[in-house]
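All remarks here apply to the structure that follows.
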Amino acid sequence: MKQILQSFKTGETSLVEVPAPIASSRKVLIETTYSLVSLGTERMLVEFGKSNLLSKARQQPDKVKMVLDKIRTEGLLPSIETVFKKLEEPLPLGYCNVGKVIAVGSGIDEFSVGDRVASNGQHAEYVNIPQNLITKIPDNVTDQEATFTVIGSIGLQGIRLCNPTYGETIVVIGLGLIGLLTSQMLQANGCRVIGVDIDADKCIMARELGIITIDPSSGIDPIKSVFEYSDGIGADGVIITASSKSDRIISQAAQMSRKRGRIILVGVVGLNINRAEFFEKELTFQVSCSYGPGRYDERYEQVGTDYPLPFVRWTEKRNFETVLQAISRGQIKVKKLISDVVPLEKYMDIYGNIEASKSIASILEYSIKPDASSRQKKIYLDPREFSGSNAILGIIGAGNFTKMTLLPSLSSCNADIKYIASSGGVTGTSLAKKYAISISTTDYHEILNDTKIDAVIITTRHNSHASFVIASLEAGKHVFVEKPLALSEEELLKIITAYSSKASREKGLTITVGYNRRFSPHIRAIRKRLGSSPGLVNIVATMNAGFIPANVWVHDIKVGGGRIIGEACHYIDLCVFLTGSLVSSVCLNALGSSPDEGTDNASLLLQFVNGSSATINYFSNGAKSYSKERIEVFSSEQVFVIDNFRITQAYGVRDFKKLKTKIDKGHTAQFTQYAQIVKSGGSPLIPISELFNVTRASFAALKSLKEKRWVHVNHSFTDRSVST
């Protein structure tokens, strides 16, 4: 299918071929008929992309601070490399999509094939959208009119925050598309509306809609005019829909407001607020968040959990529905706002000079395909033959880890990658082009069904790991899965069953978990000095992991497993490797009065079968300028200290020179060895008993925290009883 993408690095807008998405759980697959170009937002993105690196930095000072912190802890070159990789990400444009439902994922009863719907889908021939971001279109509303649904909801949310009452005077600053829609909705609400804009053509259009207008560029004083139009009272509310770097707009909004007036920011303007202007009138100022309640809440948008109507009357989806009903009743007139309708293939008629465009609303038109030929789930980027002489890999997942770590490591060891699968197709295709991967697909079954694929690498979200591992084993593939292996004992038992099956044993299938730290040259140097039988070892390992907001999926036990199961398992494995022994029991203590307060500030005590012990400190409340990882190993009057996998020093160890490298956490060595094992056979990279033991130890840690006691961890994967 065809989709419009924009480069953050160059600002170039292009129409590219990517594999079409498939209808996944709680999502709806839509064939697009029209999509509206949000000229304000998309112009801003294009301008940002075309700006030089210094200009980009000036526009994002918070990101610059993050980069500087990264440089202090990880060095200049790795930090710069990360920045450029981020800029290489293709950005899908568009969020005002209309089309016809052609498939419905599991768990959805509201929509049926053939429904006409509006959504926040992108400029693409097919989009796969969660149910709470879709609404049905009334019969008397055309598809072109319905493209205004989502952008109209942005203005509507600003109105809801302003909370106008019948007869109030509301000023709308900025008469672009959102401003004109907002003004019409305010009129329907019984308000006197005054529009302010320096574009004379937009003022003319607003007056045709019955809106009082003020054009400051003609010499009219907007503040004085507002007081004249409001009988000397001033504006009851001001809604700013303009886009400008100037602080003048927020100052004018304050000056034209009445005492205790309300100011709502929907657009983007300078925010150096004059305290006196707000203090003297006791003004209320609020920034509006996009479509309404539910926006950026993953449980609402992706999982489909609705907010109860008696408590949250207007969610983003109910705002969508309201806008469509207003169009249906003729309260919002959108036809006269349409500047042009352009076929998708001629997209450059809109984007070619978008910075200077005077259009109000430009609409892209999509040709309806008579068959499913345009809905291919895979595209060929490098149609070469795969002989089978090398380890042929398929990757499921195209997120940050795949982009920043996995593919650079595999590239350095000349791995033979045939497939990459991503849910949307965009990131997978971009990475396939960069790393000469033959096929990009949105259907992972293509990988499992290909008999030439030797091994599957899984880098998706944690809650999908177990199911992908099992499916890959059942398809006769070796499996490499990023940590964690599973999120529950039930999932682990299913993996054990698949791994222990007759078919898996006959093919000699292996499971490898991405515990890369044990392959770092720093860890290998210490392990070599400890010898084949390390004896009793004490370890203190500290991860200055960094803060992650509570609403991020990593913290969700059902999705990410929390930071102990999802991340600290790395260090449990590392301790198993350094001690040469399995974990026998664990005890976890965390900040806060209850386990529900989180496990990202915790200390985990480990006892091992051979008598060794370890303490893993996993903290998120430390300074970013401090080393992210520090490991201390004590054994036989020797001490080894690793600082951030850059420097290793030894004390009491003869002939051990300080080891200094760029940050090397073992990824490249891990994948080089893995590709060789898949190609030539041999023992698994990590013994399966250790993988299962580490997984169970992470489960036992949470049980320990909950029950406030030491918890025993079973050692053998053939023993299906849980930690007790």
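What follows is calculated from the coordinates using simple rules that are stated; it is not laboratory data. Just so we're clear, the structure is a prediction, and the values are computed from it rather than from any experiment. In this analysis, Cβ positions are derived from the backbone assuming ideal geometry, glycine residues included, and neighbour counts consider all displayed protein chains.
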ask   = Which of 314, 710 comes first, and how do the rest follow, when ranked by fewest Cβ neighbours within 10 Å?
value = 710, 314
task = Show which aspartates and glutamates lie in cross-link reach of residue 679 when reach means a straight Cα distance below 13 angstrom and same-chain residues fewer than eight apart are skipped.
result = 416, 454
task = Calculate one ³J(HN,Hα) per residue across the range 477-487 by plugging θ = phi - 60° into the Karplus curve 6.51 cos²θ - 1.76 cosθ + 1.60, and present them in order as whole Hz with x for glycine and proline.
result = 10, 5, 10, 10, 10, 5, 4, x, 6, 7, 10
ask   = Taking 0.36 nm per residue of separation and subtracting the Cα-Cα distance, what length does fully extending residue 112 through residue 536 add?
value = 146.3 nm
key: the range 373-450-the range 652-714 distance, computed between alpha-carbon centres (Å)   = 27 Å
task = Express the relative contact order of the range 153-287 as a whole percentage, based on alpha carbon pairs under 8 Å and six or more residues apart in sequence.
result = 24 percent
note = Phi angles of the range 608-615, converted by Karplus (6.51 cos²θ - 1.76 cosθ + 1.60, θ = phi - 60°) into ³J(HN,Hα) in whole Hz with x for Gly and Pro, give 10, 4, 7, x, 5, 9, 8, 10
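Calculated from DSSP H runs of 4 or more alone, at -39500 (n - 2.57) each and per residue, what is the 222 nm mean residue ellipticity of the chain, nearest 500?
Values: 23 runs with 226 residues, N = 724.
-9000 deg cm²/dmol, from helical runs alone.
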inquiry  = Give the average over all directions of the projected area of the C-alpha convex hull of the range 378-513, one decimal, in nm².
reply    = 7.6 nm²
note = Under the rule rounded for a/c under 1.5, else prolate if a/b exceeds b/c, else oblate, using alpha carbon gyration tensor axes a ≥ b ≥ c, the range 474-594 is classed as oblate
message = Strictly over 21 Å apart at the Cα level, which of 202/358; 418/662; 2/433; 2/452 would you flag in this model?
response = 418/662; 2/452
key: Considering only the chain, percent of DSSP beta bridges that pair antiparallel, nearest 5   = 55 percent
query = Using r as the Cβ-Cβ distance of residue 276 and residue 365, and R0 as 41 Å, what FRET efficiency do you calculate, to the nearest 0.05?
reply = 0.20
query = Taking a label point 7 Å from the Cα of residue 165 along the Cα→Cβ vector, which residues of the range 185-205 have an amide N closer than 16 Å to it?
reply = 189-192
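Could you give the length gained by full extension between residue 311 and residue 245, i.e. 0.36 nm per residue of separation minus their alpha carbon distance, to one decimal place? Let's see the in-between values first.
Values: separation 66, 0.36 × 66 = 23.76 nm, distance 3.67 nm.
That works out to 20.1 nm of additional length.
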For the range 643-654, Karplus couplings with θ = phi - 60° (6.51, -1.76, 1.60), whole Hz, Gly/Pro x = 10, 6, 6, 10, 10, 10, 10, 10, 10, x, 10, 6
key: Placed amide H near residue 267: partners under 5 Å, 5+ positions off or other chain   = 240, 241, 242
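How big is the convex hull of the Cα atoms of the chain, per residue, in Å³?
So the per-residue Cα hull volume is 180 Å³.
Based on the Cβ-Cβ distance of residue 400 and residue 233, what FRET efficiency does E = 1/(1 + (r/R0)^6) give at R0 = 41 Å, to the nearest 0.05?
Details: r = 53 Å, r/R0 = 1.29.
Efficiency, from the Cβ-Cβ distance: 0.20.
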ask   = Taking the Cα-to-Cβ direction at residue 657 and at residue 8 and moving 7 Å from each Cα, how far apart do the two end points lie in nm?
value = 4.1 nm
task = Among the aspartates and glutamates, select those whose C-alpha is under 19 Å from the C-alpha of residue 336, and discard any that sit fewer than 8 residues away in the same chain.
result = 143, 145, 197, 199, 201, 208, 365
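Multiply the residue gap between residue 412 and residue 624 by 0.36 nm, knock off their C-alpha separation, and tell me the result in nm, one decimal place. If you can, show how the numbers build up before the last one.
On the way: separation 212, 0.36 × 212 = 76.32 nm, distance 2.95 nm.
Taking residue 412 through residue 624 to full extension adds about 73.4 nm, to one decimal.
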message = How high is the relative contact order of the chain? Use alpha-carbon pairs under 8 Å, at least six apart in sequence, and give a whole percent.
response = 11 percent
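Under 12 Å from the Cβ of residue 154, count the other residues' Cβ atoms, weight Lys and Arg +1, Asp and Glu -1, and hand me the total.
On the way: positive: 160, 295; negative: 316.
Charge balance near residue 154 sits at +1.
Would you mind ranking 283, 485, 265 by Cβ crowding within 10 Å, fewest neighbours first?
Working: 283 19, 485 28, 265 22.
Arranged by neighbour count, lowest to highest, 283, 485, 265 become 283, 265, 485.
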query = How would you classify the range 153-287 from its alpha-carbon gyration tensor, with a ≥ b ≥ c the square roots of the eigenvalues: rounded for a/c under 1.5, else prolate if a/b is greater than b/c, otherwise oblate?
reply = rounded
message = Could you tell me the calculated FRET efficiency between residue 220 and residue 290, based on Cβ-Cβ distance and R0 = 22 angstrom, to the nearest 0.05?
response = 0.10
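Between the DSSP loop rule and a limit of at most 15 other Cβ atoms within 10 Å, which GluC sites (Glu not before Pro) in the range 617-724 are left?
In loop regions of the range 617-724 (DSSP not H, G, I, E or B), the sparsely surrounded GluC sites (Glu not before Pro) are 637.
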ask   = If you find the alpha carbon centre of the range 142-188 and of the range 607-621, how far apart are they in angstrom?
value = 57 Å
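Compute the Cα gyration tensor for the range 598-706, then decide on rounded, prolate or oblate, letting a ≥ b ≥ c be the square roots of its eigenvalues: rounded whenever a/c is under 1.5, prolate when a/b is larger than b/c in the other cases, and oblate in all that remain.
Details: a/c = 1.41, a/b = 1.03, b/c = 1.37.
Rounded, since a/c falls under 1.5.
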Reciprocal of mean inverse Cα separation for the range 540-654 (Kirkwood radius, Å) = 15.1 Å
